[in-house]
Amino acid sequence: MPLNRRTFLQKSAATGAGAAVTGVAAAPAAEAAQAGRPGHGHGHHPVKRYSLTVMGTTDLHGHVFNWDYFKDAEYSDAAGNAMGLARISTLVNQVREEKGRCNTLLLDAGDTIQGTPLAYYYAKVDPITAKGGPVHPMAQAMNAIGYDAAALGNHEFNYGIETLRKFESQLRFPLLGANAVDAKTLRPAFPPYVMKTFHVPGARPVKVAVLGLTNPGIAIWDKAYVQGRLAFPGLEEQAAKWVPKLRSMGADVVVVSAHSGASGTSSYGDQVPYVENAAANVAKQVPGIDAILVGHAHVEIPELKVVNDHTGRTVVLSEPLCYAERLTLFDIELAFDKGRWEVESVSASLRDSRTVADDPKITRLLTDEHRKVVAYVNQVVGRATQTLTTVDARYRDAPIIDLITKVQEDVVKAALAGTEYASLPVIAQASPFSRTSEIPAGDVTIRDLSGLYVYDNTLVAKLLTGAQVRAYLEYSAEYYVRTAAGAVVDVEKLTNANGRPDYNYDYVSGLSYDIDIAQPAGSRIRNLTFAGAALDDAQQFVLAVNNYRANGGGAFPHVATAKELWSESTEIRTRIAEWVTAKGVLDPKDFASVDWKLTRDGTPVF
């Protein structure tokens, strides 16, 4: 359901004090097409100057307050960071005070409505899509702060298109995605850009175009929701299509808000022909861009300068830290000469949320919603006989991860009962997502279980052969750094080989195997057995796997192309809570088993 362009422009016109939105060119195309050379005075006219500040956040992931719902306490990390939109609001107010509100823009680069129990609650427990339902807390906060535009992130699609469209309708600013197109017509399914006009006394207005780009990986990660409905072409090709249009419409400044990292890498193998982290490529390949607000990668980039291949001009990129821990500022200096505005310089810097307090306006606005979610996550659903933790789960088979695989096995077995696949063995994968999750002995709450499974993944059943399972395990074992038999083992340096994150290392339950880390990657899986006998390469298995992995996330072999037997839309986290609630008691004897161990030349590492 593409947004009607006229209503979009009317809707957007209400945002941003002192800045009007328009889709009409106010200057001849030729004037705008050559943003670039510093202006030089001529005759007796002094050069008119204008300073514009573009602020940006990204990967907010449902963080309104400096609160950790999983720990039921103020958020803190080793670096002493603080997070949340209430802090960002204070920083934004300071910048507007310094620069003049009418000389600023506020953007976001996506991943807004998923990532905390707060975000989950208003998608699933008290959903915004219900008749007469609530306004999403992220919409309330961002509207109150006065955002001018946001790019779509991939996690915007996690709850389906209906939830996303409802969230979009609750915003007082546009959700941009030039490369989110209708699968059939290939026309934009969301507004590609917004144009803002800044009035300058004694000179013609400055026109600023904001182009929004999102991640092509959505086609893989949320295939269940978007397949056949939306397509996600590459950022580079869509920027190359839109930037010249924006210049010809009279844009003096072009800013891109891109939900795509700057590294040039991809985590989805060769399943789509596009690059996941393409922001720097866009800067290099597409002329006419002044600045790019980078998102998706959850890294802090205060300022990155990239030279455009065609023009030799510098494009400035910046990525503020996720969860509203930082605010990016692009300071853009323009000069008016010979009838047109030229960008003279762009610089980027960061403001830090830990340096300020929450804005009381945002606290007042959302305290009720916050309290509801705190009460929800603190509901007791069972009792644990002992403390379970992920602290060493990445290098030892930990019972807490076996809980995940056991729940997934049980759900899939029940789903396949009575089908032609009912007699096949069910195995399951799970990853050590967090290094700090703990389910304490005693009362077990939804909060404890949510902290174990922090993603909104759902469950899929895939058909694999023994040979494919072996290849899957070999790929997973590449996560370990090769360590010779005599070498000292430092667990801090044992994992994450080649930068692979913990969530791309999988346990597989229902089998027994050793991972020999003295061997090169690709030949580490030893003594692989099923039901007490060496694994038969021709044996068929049902793999209970999360949708991210099933759709190709992490580029594990065979799983994305394997036959799908079943899938559902209930989160794995919810299934874990249901399983614990039904049992009443969380006892490792009901789910724990030692399926794998690390070895070196056959000798156990631990």
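Bridges between two residues of the chain, per DSSP, are antiparallel at a rate of about 70%.
Protection proxy ranking of 582-588, 594-600, 487-493, by the mean of other Cβ atoms within 10 Å over each peptide's residues and highest first, is 594-600, 582-588, 487-493.
Round to a whole angstrom and tell me the spacing of the C-alpha centers of segment 172-233 and segment 95-131. For segment 172-233 versus segment 95-131, the Cα centre distance is 17 Å.
Classify the chain: rounded, prolate or oblate, from the alpha-carbon gyration tensor (a ≥ b ≥ c, eigenvalue square roots; a/c under 1.5 rounded; otherwise prolate if a/b is larger than b/c)? Write out the running numbers ahead of the final one.
Numbers: a/c = 2.07, a/b = 1.80, b/c = 1.15.
Here the chain falls in the prolate category.
Extending 7 Å from the Cα toward the beta-carbon at both D587 and D309 defines two label points whose distance is 6.4 nm. Per-residue SASA remark: I145, around 10 Å² accessible (1.4 Å probe; ligands, DNA and RNA not included). Accessible area per residue was computed with a 1.4 Å probe on protein heavy atoms; T419 scores about 60 Å². Close amide H pairs (under 5 Å, H built 1.01 Å from N) link I292 with V256, V316, L317, S318, residues at least 5 positions away or on another chain.
Which peptide among 285-294, 261-270 comes first, and what is the full order, when sorted by highest mean count of other Cβ atoms within 10 Å?
285-294, 261-270
Take the Cβ-Cβ distance between V135 and A414 as r, set R0 to 35 Å, and report the resulting FRET efficiency rounded to the nearest 0.05.
Working: r = 37 Å, r/R0 = 1.06.
Working from the Cβ atoms, E equals 0.40.
Here segment 161-260 carries DSSP beta bridges of which approximately 60% are antiparallel, counting only pairs with both residues inside.
Dipole magnitude for segment 208-358: about 420 debye, using +1 per Lys or Arg Cβ and -1 per Asp or Glu Cβ, origin at the Cα centre.
Ignoring ligands, DNA and RNA, please state the percent of accessible area on the chain from carbon and sulfur, probe 1.4 Å. Each step should come with its number before you reach the end.
Values: 11950 of 22950 Å².
Taking all protein chains in place, the chain shows 52 percent carbon and sulfur surface.
Can you give the accessible area per residue of the chain, in Å², using a 1.4 Å probe? Write out the running numbers ahead of the final one.
Numbers: 22950 Å² over 606 residues.
Per-residue value: 38 Å².
Considering helices alone, the calculated mean residue ellipticity of the chain at 222 nm is -7000 deg cm²/dmol, with DSSP H runs of length four and up weighted by -39500 (n - 2.57) and normalised per residue. Listed by chain and number, the aspartates and glutamates whose C-alpha is less than 19 Å from the C-alpha of K131, apart from same-chain residues fewer than 8 away, are E162, E168, E369. In summary, the lysines within cross-link reach of K338, defined as a Cα separation below 27 angstrom excluding same-chain residues under 8 places away, comprise K48, K99, K196, K207, K245.
Net charge within 14 Å of S266 by Cβ-Cβ distance, Lys/Arg positive one each and Asp/Glu negative one each, not counting S266 itself?
Numbers: positive: R500; negative: E236, D270, E276.
Surrounding charge for S266 is -2.
The distance separating the Cα centre of segment 234-300 from that of segment 368-402 comes to 38 Å.
Count charges around A180 for me, please; just the other residues with Cβ under 11 Å from its Cβ, Lys/Arg as +1, Asp/Glu as -1. Write out the running numbers ahead of the final one.
On the way: positive: R187, R229; negative: E156, D182.
Counting the neighbours of A180, the net charge comes to 0.
Normalised by the number of residues in the chain, the average gap of Cα pairs under 8 Å and 6 or more apart makes the relative contact order 15 percent. Simple point charges give the picture: +1 on the Cβ of Lys and Arg, -1 on the Cβ of Asp and Glu, and for the chain a dipole about the Cα centre of about 1880 debye.
The values are calculated or read from the model by the stated rules, or taken from the named source; none is laboratory data. Fair warning: this is a prediction, and the values are worked out from it, not measured in the lab. In this analysis, Cβ positions are derived from the backbone assuming ideal geometry, glycine residues included, and neighbour counts consider all displayed protein chains. Side chains included, ligands, DNA and RNA excluded: accessible areas come from the protein's heavy atoms. Shrake-Rupley method; radii C 1.70, N 1.55, O 1.52, S 1.80 Å.
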